[in-house]
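The values are calculated or read from the model by the stated rules, or taken from the named source; none is laboratory data. Predicted model, so just to flag it, every value in this text is computed and none were measured. Note: ideal-geometry Cβ built from the backbone for every residue, glycine included; neighbour counts use all protein chains shown. Note: accessible area is taken over every heavy atom of the protein model, side chains too, but ligands, DNA and RNA are not part of it. Shrake-Rupley method; radii C 1.70, N 1.55, O 1.52, S 1.80 Å.
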Amino acid sequence: EGGIWRSRDGGDSWTLLEEGLPSGLIGKIDLAVSPDDPARVYALVETKEPEEGLYRSDDAGSTWRMVTNQKPLMDRPFYYTNVDADPTDADVVYVNATQFWKSTDGGAIFERRSTPHGDNHDLWINPIDPLVMIQSNDGGANVTRDGGVTWSTQNNQPTAELYQVDVDDRF
């Protein structure tokens, strides 16, 4: 029973949120909320096209609307599907995928932003100064102090990406 579920009683009971969201086969979903507007919730939803994309609720999840189905945001959704909201401006949204994307209009239009390496996976935004971010990708981690205009190097860290690990009990 994939979808977005909400509890209003600390998890004792749950309600499936449906109004404005796709129905049927649902894959990965990532959620983001900005402290700037806690009633606004973003959901990046993997499902069948053309319903796959970024949804937005402005009433804490009671109703939803698709804000974009810009295809590169859902590049390899089984692998990425990561959305983050700026903690001081609810209109600023980031999506990590093969490329790194930023919207400044509440998710309607995204522009590609450069990072030192592709295959972008995660983002931490400083809650006090959102110009400071740490972004991770297949090349390692990089830091920006200017909102992603420039990034630190990844040539100062030994980074490995592991897809499979086998272990046994031999010494």
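Numbers below:
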item: √(5λ) per eigenvalue of the Cα gyration tensor, segment 80-171, largest first, Å; result: 28, 15, 12
item: Karplus-derived 3J(HN,Hα), 6.51/-1.76/1.60, for each residue of segment 116-123, Hz, glycine and proline x; result: x, 8, x, 6, 8, 10, 8, 8
item: Accessible carbon and sulfur surface of the chain relative to its total accessible area, %, 1.4 Å; result: 50
item: Mean projected area (nm²) of the alpha-carbon convex hull when the chain is viewed from all directions; result: 12.9
item: Accessible surface, 1.4 Å probe, highest first, among residues Arg145, Arg56, Arg76; result: Arg145, Arg76, Arg56
item: Probe 1.4 Å, accessible area per residue of segment 40-109, Å²; result: 37
item: Where only alpha carbons of segment 1-76 are counted, the Rg and the Dmax (Å); result: 12.4, 38
item: Dipole magnitude (debye, nearest 20) for segment 7-165, charges at Cβ of Lys, Arg, Asp, Glu; result: 400
